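To start, the structure itself, in C-alpha cells.
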Amino acid sequence: MDLKDLRTEIDAVDKQIVELYEKRMDIASRVADFKINTGKKVFDKQREDEKLTEIKKLAKSDFNRTGLVELFSQLMSMSRKLQYQKLAEAGASGQLPFIKIDSIDKKNARVCFQGAAGSYSEGAMKQFFGEDVNSIPVDTFRDAMALLEEGSADYAVLPIENSTAGIVSEIYDLLAEYEHYIIGEQIIKIRHCLLGVPGAKLSDIKTVYAHPQALMQSARFLSDHSYIQQVGMKNNAFAAKKVSEDKDITQAAIASAGAAKVYGLDIIEEGINSADANSTRFIIITNQKVFLKDAKKISLCLEIPHEAGSLYHLMSHFIYNNLNMSKIESRPIEDRNWEYRFFIDFDGNLADSAVKNALRGLREEARMLRILGNY
C-alpha cells in the first residue's frame with residue numbers, strides 16, 4: 001500500500017472516531033441531566049480511576065497503553081466540562097460568596113502600608129487612595145495583615161511583584177494564611193536613588209542600607225563600587241530614616257527621591273537601578289468579600305492532588321472556557337515535602353458565566369481552592 005491508501009484508511013477510522021465521540025458526548029449530556037435532578041457531583045474520581053484501569057487492560061502494547069490513558073483522560077475531562085456547562089445553564093452553578101460593589105469609599109478609608117514616610121508603598125497608597133488618605137504605617141507585612149484582621153484598618157497596600165526582581169514570596173504565603181481579599185492593584189515606576197546626608201559625595205560612602213530587593217536591583221551600580229558594604233533593611237524608607245538620624249557622611253541609603261525630601265537627604269546618584277523599565281505591582285487588600293462591578297482580573301490559589309497530570313487537567317478549565325490566564329506561581333506547602341500551592345491570575349469577572357463554569361470545575365477537581373479577589 002502506498003501513503004495515499006494509508007491516509008484514506010486513517011480518514012475512514014477518524015470518521016468513526018468522530019461519530020463515536022459525538023455519541024459519547026450525547027450520553028454524557030444525559031448523565032448531566034441525571035446529576036442535575038439528583039444533585040450528584042460531576043467529578044467521580046473513583047469511577048474515573050476504575051475506568052482507566054480497565055482501559056489499560058485492553059491495550060496491546062505499553063506505548064498504546066500510555067496513549068489510551070491520555071486519550072480517555074481527555075474524553076472524561078471533556079465529559080465533565082459538558083456537564084458543568086449544563087449545570088450552569090440549569091441555574092445549578094451556585095452563587096459565589098462575594099458581594100459586588102460600585103466603588104471604594106477612598107475618602108473615609110483607613111489604609112495601612114509597610115514602611116515609613118517616603119517609601120514606595122506609601123507612594124502606591126497615595127496614587128490609589130489620594131494624597132489625603134488616612135494612612136497607618138506598620139513595620140512588617142504581617143503587621144499589615146494583622147491590622148486588617150482585627151479591624152483596625154480597612155485596607156492594606158502591599159508589594160507583590162517587581163518587574164525585575166520577581167515576586168514577593170512572603171506576600172503570597174500571607175495571602176494563603178489570612179482570609180483577606182484583593183480589591184485593587186497599583187503599579188508604580190521604581191527609580192532608586194543613592195541618598196546621603198547633606199554635602200556627602202559618592203567617594204565618602206562606605207556603607208549602603210536598603211531592602212534586599214533594592215540592593216539586587218542596583219547590583220550593577222554597586223558592583224562598580226564594590227568597596228561599599230551592603231546592609232539589608234526591612235524597607236528603603238527605614239534605610240533613609242537611619243541615614244538621616246545617624247548623620248554619618250559615610251552612610252547612604254537606596255530609596256526614592258520622595259524619601260530624600262522627607263528625611264532631608266541629598267541625592268548623590270539618581271536612577272541607580274539596572275533596569276530603566278523597573279516597576280512594582282502593589283495589591284490593595286481588605287478583609288471583606290467584595291469586588292468592584294467592573295473588575296477585570298481574578299486571583300486564586302489552589303492545591304492539587306500530588307499525582308501526574310493534575311495541574312495539566314486543571315489548566316484545561318481555563319482553555320475550555322476561553323479564559324486568558326496571565327500568571328501562575330507556585331509556593332511550597334509547609335509540612336508537606338515537595339508539594340506546592342499554586343497562585344493563578346486570569347482575566348474575568350466573578351459575575352461572568354464562563355468564570356463561574358471554570359471555578360465550579362476547578363473547585364470540584366482541586367484539593368483546595370480559594371478565590372483571593374476580583375479587581
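None of the figures in this text is laboratory data; all of them are computed from the coordinates on show. Everything quoted here is computed from the prediction, not taken from an experiment. Cβ coordinates were reconstructed from backbone atoms using ideal geometry, including for glycine residues, and neighbour counts include every protein chain displayed.
Taking only the alpha-carbon positions of region 193-270 and ignoring solvent, what does the Debye formula give for the base-10 log of I(q)/I(0) at q = 0.13, 0.21, 0.27 Å⁻¹?
The Cα Debye sum returns log10 ratios of -0.29, -0.80, -1.40.
Under the Kirkwood approximation applied to all pairs of distinct alpha-carbon atoms, what is the hydrodynamic radius of region 311-365 in Å?
Here the Kirkwood hydrodynamic radius works out to 12.2 Å.
Add -39500 (n - 2.57) for each DSSP H run of 4 or more in the chain, then divide by its residues: what number comes out at 222 nm, to the nearest 500 deg cm²/dmol?
-13500 deg cm²/dmol
What does the charge count near TYR209 come to, summing +1 for each Lys or Arg and -1 for each Asp or Glu among other residues with Cβ under 10 Å from its Cβ?
Surrounding charge for TYR209 is +1.
Which FRET efficiency, nearest 0.05, do GLU149 and GLU9 yield, Cβ-Cβ r, R0 51 Å?
E between GLU149 and GLU9, to the nearest 0.05, is 0.15.
Just to confirm the number: angle between the C-alpha axis of helix 62-89 and the first principal axis of the chain, 0 to 90 degrees, nearest 10?
80 degrees
If you put +1 on each Lys and Arg Cβ and -1 on each Asp and Glu Cβ, how big is the dipole of region 193-270 around its Cα centre, in Debye rounded to 20?
Result for region 193-270 is approximately 180 debye, rounded to the nearest 20.
Quick one: what Rg and Dmax do you get for the chain from the alpha carbons, in Å?
Rg then Dmax for the chain, in Å: 27.1, 90.
Can you tell which of SER256, GLY199, HIS211 lies farthest toward the positive end of the dipole of region 193-270, using +1 and -1 charges on the Cβ of basic and acidic side chains (Lys, Arg; Asp, Glu)?
The residue sitting most towards the positive pole is HIS211.
Do the alpha carbons of any pairs in LYS86/LYS297; LYS15/LYS51; LYS126/LYS189 sit beyond 19 Å of each other, and which pairs?
Violating the 19 Å Cα-Cα cut-off are LYS86/LYS297; LYS15/LYS51.
What FRET efficiency comes out for PHE72 versus ASP352 if R0 is 22 angstrom and r is the Cβ-Cβ distance? Round to the nearest 0.05.
It comes out at approximately 0.10.
Placing +1 on the Cβ of each Lys and Arg and -1 on the Cβ of each Asp and Glu in the chain, which of ASN108, ILE187, HIS306 has its Cα farthest towards the positive end of the resulting dipole?
So the residue furthest toward the plus end is HIS306.
Could you tell me what % of all Cα pairs in region 1-157 have separations over 19 Å?
Result: 73 percent of Cα pairs exceed 19 Å.
What is the magnitude of the charge dipole of the chain about its Cα centre, with +1 placed on the Cβ of each Lys and Arg, -1 on the Cβ of each Asp and Glu, and no other charges, expressed in debye to the nearest 20?
In debye, rounded to 20, the chain gives about 720.
Suppose each label sits 7 Å from its Cα in the direction of the beta carbon; what would the ALA257-THR140 distance come out to in nanometres?
3.5 nm
Among GLU339, GLU177, GLU54, which one shows the highest mean-square fluctuation when the chain is modelled as a Gaussian network with alpha-carbon springs under 10 Å?
Greatest mean-square fluctuation among the candidates belongs to GLU54.
For the chain, what does the relative contact order come out to in percent, with C-alpha contacts under 8 Å and a separation of six or more?
It rounds to 18 percent for the chain.
Relative to 2.2 N^0.38 Å, what does the C-alpha radius of gyration of region 275-361 come to as a ratio? Two decimals please.
Relative to the 2.2 N^0.38 Å estimate, region 275-361 comes out at 1.25.
With +1 on each Lys and Arg Cβ and -1 on each Asp and Glu Cβ, how big is the dipole of region 115-207 about its Cα centre, in debye rounded to the nearest 20?
Roughly 740 debye for region 115-207.
Measure nothing but the geometry: give the 0 to 90° angle between the long axis through the Cα atoms of 353-365 and the longest principal axis through the Cα atoms of the chain, rounded to 10°.
It works out to around 80 degrees.
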